1. Can you pull out every residue in region 173-199 that is over 23 Å from Thr270 (Cα atoms), assigned to a helix (DSSP H, G or I) and open to solvent by less than 50 Å² (accessible area, probe 1.4 Å)?
2. In the set Gly93, Gly129, Gly85, Gly152, which member is touching a residue at least 60 places away in the same chain (Cβ under 8 Å) and surrounded by fewer than 23 Cβ atoms within 10 Å (Cβ to Cβ)?
3. Picking from Leu275, Leu283, Leu299, Leu279, which residue would you name as being in contact (Cβ under 8 Å) with a residue 24 or more places away in the chain, open to solvent by 10 Å² or more (accessible area, probe 1.4 Å), under 23 Å from Ala78 (Cα atoms) and touching a Phe, Trp or Tyr at 6+ places or on another chain (Cβ under 9 Å)?
4. For region 1-116, which strands (runs of 3 or more DSSP E) that fit wholly inside it have 1 or more residues that are small (Gly, Ala, Ser) and within 16 Å of ligand 2 (Cβ to nearest atom)?
5. Does Ser296 satisfy the condition of being within 16 Å of ligand 1 (Cβ to nearest atom), out of contact with any Cys (no Cβ under 8 Å at 6 or more places or on another chain) and at pLDDT 95 or above?
6. Here is a list of conditions, (1) of a type in the set (D, E, K, R); (2) under 15 Å from Asp64 (Cα atoms); (3) away from ligand 1 (no atom under 13 Å from the Cβ), and Arg336 meets all of them except one; can you say which number that is?
7. Within region 397-405, is there a residue that is in contact (Cβ under 8 Å) with a residue 60 or more places away in the chain, surrounded by fewer than 22 Cβ atoms within 10 Å (Cβ to Cβ), farther than 27 Å from Tyr461 by Cβ and in the same structural domain as Ala19 (by TED's automatic domain parsing)?
8. Which of the helices (runs of 4 or more DSSP H) found entirely inside region 342-438 contain at least 3 residues meeting this: within 30 Å of Val201 (Cα to Cα) and at pLDDT below 95?
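The values are calculated or read from the model by the stated rules, or taken from the named source; none is laboratory data. None of the values given here were measured: they were computed from a predicted structure. Ideal geometry is used to build each Cβ from the backbone, glycine not excepted, and the neighbour counts take in all protein chains shown. Side chains included, ligands, DNA and RNA excluded: accessible areas come from the protein's heavy atoms. Shrake-Rupley method; radii C 1.70, N 1.55, O 1.52, S 1.80 Å.
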Amino acid sequence: MKTLITGGTVVNSTGRGAADVLIDGETIAALLAPGSTALGVDLVGSVDAVIDATGKYVIPGGVDAHTHMEMPFGGTFASDTFETGTTAAAWGGTTTIVDFVVQYAGENPLDQYALWHEKAAGNCAIDYGFHQILSDVQDSSLDAMDELVAEGVTSFKLFMAYKGVLLSDDGQIVKAMQRAAQNGSMIMMHAENGSVIDLLVQQSLARGDTAPYFHGLTRPWQVEEEATHRAIMLANLTGAPLYVVHVSAKQAAEQIARARDGGQNVFGETCPQYLYLSLEEQLGAPGFEGAKWVCSTPLRSRAERHQDHLWQSLRTNDLQVVSTDHCPFCLTQKQRGIGDFSKIPNGIGSVEHRLDLLYQGVVTGRISLERWIEICATTPARMFGLYGRKGVLAPGADADVVIYDPAGHTSIGLGKTHHMNLDYSAWEGFEIDGHVETVLSRGEVVIADGEFRGHAGHGRYVKRELSQYLI
Ligand code: URP
Ligand code: ZN
Ligand code: ZN
């Protein structure tokens, strides 16, 4: 099947220009000067389908490098399955996710990896890869790391918080980092000081401060900055590359910037919730309402201007990637924490909205059009060994293509544009300039004319290379 996308402005992270995109089967065959002929033969007449993208941007499909479909967490499971979550992602122009295999203490990382394949296989609407979470880092886990790298799982997430659940102590972190330094994989870090958080939580609950707002106050920026700094030092000691996930505090972003300026292979990710939402407005909403926005790291104070600093860090490349950390829980699940915020399952659902939300940064002049593509598609692809196939529109790349209408409009909210398996929207009422109009995944149209045309099982496991971001 050959498809020609005509009349649009192709935008890659490296620049933009008028071009037609010729797709042959699952890959991009050529980017052509508009209206090109092939050896004098009109191309429009020689392909099976033509998509008119006049007045639209033609961009690489988004790569969301941080999702948790069906994650067992907080005594329940994240509410999106691989099917519902990847379908919602497609609606929002994301054509690849990298999800986290979870290994809790005592579990075998390789068994968990096999289990995640069982959950995902045949159920995904778009392509997917895996990172692996390691909690108790045993000697056997180190050998498992090597085996997983060979399987295309080239990044490992460690937690400095959630004692007794996911936390690795500093010795375990160093062991995993030493192995990563040897086998070329990336260490991803949940950087919050768990012991201090546990103490502050106990003290807060004992005082009777039990509302969702106190989730934020018991995870202050100091615990994020301290853990980020510690992770950077341990990475420096071991020579492992470090990618700090879900950065929300400006002080943590500053630590990352300093390490990068010092020449260390340290990278940082933030998420839409930390760019737009705040401790005061969302977590501080009346009653139990704030539970909708309980996630870790927490939303930060707008008065302290963390959000502005994160936008600026994205513009200046002090932070490199925006992922969603999509980990949705329905209100009925969040209600486990009525009267005790520490029992609210942590996570927000955004997998459908990342491209739209970040495009507002283009509209408001915070980032360029090319930088939008870079932080949402190209860099996550390069960071996690997908580049070439994903994150770029170029001959030979997978035909994961989004036609984005800058003159379109998207109203976000439950019952409007919302296909996640979630009984509320963390983004209710957000009005977006721009619209994801058409989405192709490996040459197959999955979203068009306001309809989902894909199917569960189209999405394939993508075996990832080592990070292409390391020298
Ligand atoms: O609140 C969050 N972020 N939930 C998902 C798990 C994690 O730490 O990424
Ligand atoms: Zn985390
Ligand atoms: Zn996460």
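1. Val174, Ala176, Arg179, Ala181, Asn183
2. Exactly one of Gly93, Gly129, Gly85, Gly152 is touching a residue at least 60 places away in the same chain (Cβ under 8 Å) and surrounded by fewer than 23 Cβ atoms within 10 Å (Cβ to Cβ), namely Gly152.
3. Working: Leu275 fails: open to solvent by 10 Å² or more (accessible area, probe 1.4 Å); Leu283 fails: open to solvent by 10 Å² or more (accessible area, probe 1.4 Å); Leu299 fails: open to solvent by 10 Å² or more (accessible area, probe 1.4 Å).
Exactly one of Leu275, Leu283, Leu299, Leu279 is in contact (Cβ under 8 Å) with a residue 24 or more places away in the chain, open to solvent by 10 Å² or more (accessible area, probe 1.4 Å), under 23 Å from Ala78 (Cα atoms) and touching a Phe, Trp or Tyr at 6+ places or on another chain (Cβ under 9 Å), namely Leu279.
4. Here the list reads 62-67.
5. Working: within 16 Å of ligand 1 (Cβ to nearest atom): yes; out of contact with any Cys (no Cβ under 8 Å at 6 or more places or on another chain): yes; at pLDDT 95 or above: yes.
Here the answer is yes, as Ser296 does meet what is asked.
6. Tallying (1) of a type in the set (D, E, K, R); (2) under 15 Å from Asp64 (Cα atoms); (3) away from ligand 1 (no atom under 13 Å from the Cβ), Arg336 fails exactly one: (2).
7. yes
8. none
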